[in-house]
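This report concerns only the one structure given below.
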Amino acid sequence: MNDMSTIERGAKLSETKVSARGVNVHYGDTHAIKDVNVDISNNNVTAFIGPSGCGKSTFLRCLNRMNDTIDICRVDGAIQLDGQDIYDKRVDPVQLRARVGMVFQKPNPFPKSIYDNVAYGPKIHGLAKSKSDMDDIVERALRRGAIWDEVKDRLHSTGTGLSGGQQQRLCIARAVATEPEVLLMDEPCSALDPIATAQVEELIDELRENFTVVIVTHSMQQAARVSQKTAFFHLGELVEFGETGQIFTKPEDPRTESYITGRIG
Amino acid sequence: MTDIANVPGGPQRASTTDLVAASLKRRHRKQQRLQWIGMGAISIAFLMLFILVSSLVSTGWQAFTQTHVTFDVYVDPEEIPEDRLPRGGFDDALAASLGKMLPGVDMSDRKTARAVEGILSNGAQFELRDRVVADPGLIGRTIQMTVPVSDPFDQLNKGLIARDTPEENRRVTNTEIQWFDDLQDAGAISKPFNWALFTNADSRFPELAGLKGALVGSFWALLTCFLIAFPLGIGSAIYLEEFAPKNKLSDFIEVNINNLAAVPSVVFGLLALAVFIGWFGLPRSAPFVGGLTLALMTMPTIIIATRAALKAVPPSIREAALGLGASKQQVVFQHVLPLAMPGVLTGTIIGLAQALGETAPLLLIGMNAFITSAASSPFDSATALPTQIFIWADSPERGFVSRTSAAILVLLGFLVMMNMVAIYLRQKFERKW
Ligand SMILES: Nc1ncnc2c1ncn2[C@@H]1O[C@H](COP(=O)(O)OP(=O)(O)O)[C@@H](O)[C@H]1O
Ligand SMILES: [Mg+2]
């Protein structure tokens, strides 16, 4: 896949799913995110790139309020999901996380069976009415995670016994099993070999059909391959946000250009 | 790249390789020394353990057998009339029958008769009584009985009384030795496994004394301790580790719990005496109160072990569950706690093992009373294994010396068993993530 096709693919013209306005995040005295505004559109893959420590993960974790679990973390500003403020007092973070799923950097399957891993989310949210319902949900999720064929004969063996790439696809299947609207992925391929990475990237492209995907990556090639929109973070600031093709070919900010050409980071 | 050693005007230096080699020798020597010290320490520890166990075994093994005498007993209707049951002259009937086994003994002499009776354990008459009461048809018949001999003869049989000591310094007279040898020659003496050690409660007579009362008392006390300390300990650990806000107050509580684990056990005993017995009016010597006291001591251990086990569960598991929309409580009870459980159980078992061996607090609440029947509920008076050892170690009768060692061996056996369960749990549930 070359850059030309990336540009051609372009971003779908679609409405905004998540919008962030004036977001600031502090860890105690550390100012990790500085006044970030961004609109993430529906059924697109949005990539966050930038040197490590620039706040990509921090910002991503604001979108499903995972930062709530860190005592010293303080989030200010407004983040809206479908026009509703997710930091509103009436919003239950537990319910929010059912709508905004997450895949982590290191594959983290539960030390349970493959089946139980995938069934856990639907079970706690009461998505299945019967055992056969649940079987269907698990199968559909594993198919979407592009791992069904590899595990269909050993659904009841433990998820931690899979290879790294399989584990990560299992985690993706687990995340999509709850039918979230937005899927957040924090460097999902950083622990994977090139073949597994290619499989996961292909998967992300397919997931775009049904989900709004936000992916953090430190690989610019990966951002170029999978995303329609790219946001470049630097030292806690959102430096540039735009169509992936434009960011990689005609960056407006000199910092973006230096990063892309390998001079920062 | 410049070669530092060849910088012009630089000091003459040995090459890096030589320097490394020299320091390497020193480092190897240091490591060797450390290894020797470590091995020395382990050897000393093992030697001590060996000395302890072998001294216990060498004195204690005798208590695992008990000398018995087998003879025909004529259930004399004169001594044991049916209408007076369950009373009667059971001891006299036994003595008369045993006297017949001994050639040239004049049983009409009261002193001699008393001495012959002294061969038998005091418990023999009760055994006969129970048999006759159960079946009065035995009166007037001759039955064969195997009963324990009294402590001095047991000691004699086990070679613990030297025959060559002068008679006046010996606990058995020359005549008594002669009688015993006659019985032995007649094949009446046997030395079977001492089941009474486990099936009898305490007794003033060493040959009748057993650990049943202490085992039952320890069981009730540990059960109470477990039922109280386990849920409370796990509950507080979960709250402190997972839910409590981290602030000055929680720091203060943490420091205090750690200190509590280091408080000498006798202090807990005093506390229990004042609070449970003094204020609440709970009975003295009761295993329930013992269990409460032990729970106070075990709880900090369980809390600390549980918190360590909870902390050891990787954050990635919590994040995975939270990210799926599990509530905090679901994360803790469906993921973290199950993964922490082996550590929790290991800590609990080690805490209970400590509690099993704890003596001082039980002495203070009166669990060292002399009680000749096993407790049937945690509120009855009882002893516990360590306090029973304490009582026996204090008893003057020679027979209690080996019984003390035997009781210690039994206690150690339980401790080893509990620790093995802990090790088994730890290995079976090795971390799976
Ligand atoms: N849990 C935390 N506690 C304190 N500081 C944190 C924490 N997580 C991240 N930070 C700080 O926030 C900044 C951004 O981190 P992060 O979002 O992880 O960067 P990135 O994902 O882009 O590499 C860094 O300076 C990091 O040190
Ligand atoms: Mg990161």
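Structure values in brief
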quantity: Top of A:Gly55, A:Gly83, A:Gly22 by mean-square fluctuation, Gaussian network on chain A, Cα under 10 Å; calculated: A:Gly83
quantity: Cβ-placed point charges (K, R +1; D, E -1), dipole of the protein assembly as shown about Cα centre in debye, nearest 20; calculated: 1780
quantity: Ordering of B:288-294, A:184-190, B:227-233, B:275-281 by burial proxy (mean other Cβ atoms within 10 Å per residue, highest first); calculated: B:288-294, A:184-190, B:227-233, B:275-281
quantity: Square roots of 5 times each gyration tensor eigenvalue, C-alpha, the stretch A:161-231, largest first, Å; calculated: 17, 17, 9
quantity: Hull shadow area, averaged, the protein assembly as shown [alpha-carbon convex hull, nm²]; calculated: 52.7
quantity: Peptide ranges B:373-386, B:177-190, B:42-55 listed from the most packed, as the mean C-beta count within 10 angstrom indicates; calculated: B:373-386, B:177-190, B:42-55
quantity: B versus A: buried accessible surface, summed, Å² (probe 1.4 Å, to nearest 100); calculated: 1700
quantity: R0 of 51 Å, Cβ-Cβ distance B:Arg27-A:Gln84: FRET efficiency to nearest 0.05; calculated: 0.20
quantity: Selected from A:Pro111, A:Leu238, A:Gly165, residue furthest toward positive end of dipole (chain A; charges at beta carbon); calculated: A:Pro111
quantity: Signed unit charges on C-beta, dipole axis of chain B, positive-most listed residue B:Ala407, B:Ala320, B:Tyr74; calculated: B:Ala320
quantity: Computed Rg/Rh of the stretch B:138-272, alpha carbon atoms with Kirkwood Rh; calculated: 1.32
quantity: Extreme residue, positive dipole direction of the stretch B:212-429, given options B:Phe219, B:Ser250, B:Ala305 (C-beta unit charges); calculated: B:Ala305
quantity: 0 to 90° range, to nearest 10: angle between helix B:337-357 axis and chain B longest Cα axis; calculated: 40
quantity: Total lysine pairs under 21 Å (Cα atoms) in the stretch B:212-429, excluding pairs fewer than 8 apart on one chain; calculated: 5
quantity: Label-reachable residues, the stretch B:388-432, where backbone N falls under 18 Å from a point 7 Å from B:Ala312's Cα toward its Cβ; calculated: B:419-432
quantity: Diffusion constant of the stretch B:370-423 at 20 °C, which comes from Stokes-Einstein with the Kirkwood Cα-pair radius and 1.002 mPa s, µm²/s; calculated: 171
quantity: Gaussian network model of chain B, Cα within-10 Å springs - most flexible of B:Ala355, B:Ala312, B:Ala95; calculated: B:Ala312
quantity: Computed [θ] at 222 nm, deg cm²/dmol, the protein assembly as shown (DSSP H ≥ 4; -39,500 (n - 2.57); rounded to nearest 500); calculated: -15500 deg cm²/dmol
quantity: Tensor-based shape of the stretch A:143-192 (alpha-carbon gyration tensor, a/c under 1.5 rounded, otherwise prolate or oblate); calculated: oblate
quantity: Cα gyration tensor of chain B - equivalent ellipsoid semi-axes, whole Å, descending; calculated: 62, 33, 18
quantity: Residues B:Ser58 and B:Arg284, FRET efficiency given R0 of 45 Å [Cβ-Cβ distance, rounded to 0.05]; calculated: 0.75
quantity: Cβ-placed point charges (K, R +1; D, E -1), dipole of the stretch B:212-429 about Cα centre in debye, nearest 20; calculated: 280
quantity: Rg over Rh, two decimals, the stretch B:198-273 (C-alpha only, Kirkwood Rh); calculated: 1.22
quantity: Spacing of the two label points (7 Å from each Cα toward its C-beta) at B:Ala393 and A:Asp92, in nm; calculated: 5.9
quantity: Crossing angle, helix A:194-207 versus chain A [Cα axis fit, 0-90 degrees, rounded to tens]; calculated: 90
quantity: Cβ charges +1 (Lys, Arg) and -1 (Asp, Glu), total dipole of chain B, debye; calculated: 2980
quantity: Principal-axis tilt of helix A:131-144 within chain A, Cα atoms, nearest 10 degrees; calculated: 40
quantity: P(r) of the stretch B:212-429 over all Cα-Cα pairs, binned every 5 Å from zero, in whole percent; calculated: 1, 7, 13, 16, 16, 14, 11, 8, 5, 4, 2, 1, 0, 0, 0
quantity: Rh by Kirkwood over Cα pairs, then Stokes-Einstein D for the stretch A:4-260 at 1.567 mPa s and 4 °C, µm²/s; calculated: 69
quantity: B:Leu339, B:Leu19, reordered so the largest accessible area comes first (probe 1.4 Å); calculated: B:Leu19, B:Leu339
quantity: Sparse-neighbour loop sites [GluC sites (Glu not before Pro); the stretch A:160-230; at most 14 other C-beta within 10 Å; DSSP]; calculated: A:Glu209
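The values are calculated or read from the model by the stated rules, or taken from the named source; none is laboratory data. This is a predicted model, so every value here is computed, not measured. Quick reminder, even Gly has a Cβ in these numbers, built from the backbone with ideal geometry, and neighbours come from all protein chains shown. Ligands, DNA and RNA are stripped out before the accessible areas are found, and what is left, the full protein with its side chains, is counted by its heavy atoms. Shrake-Rupley method; radii C 1.70, N 1.55, O 1.52, S 1.80 Å.
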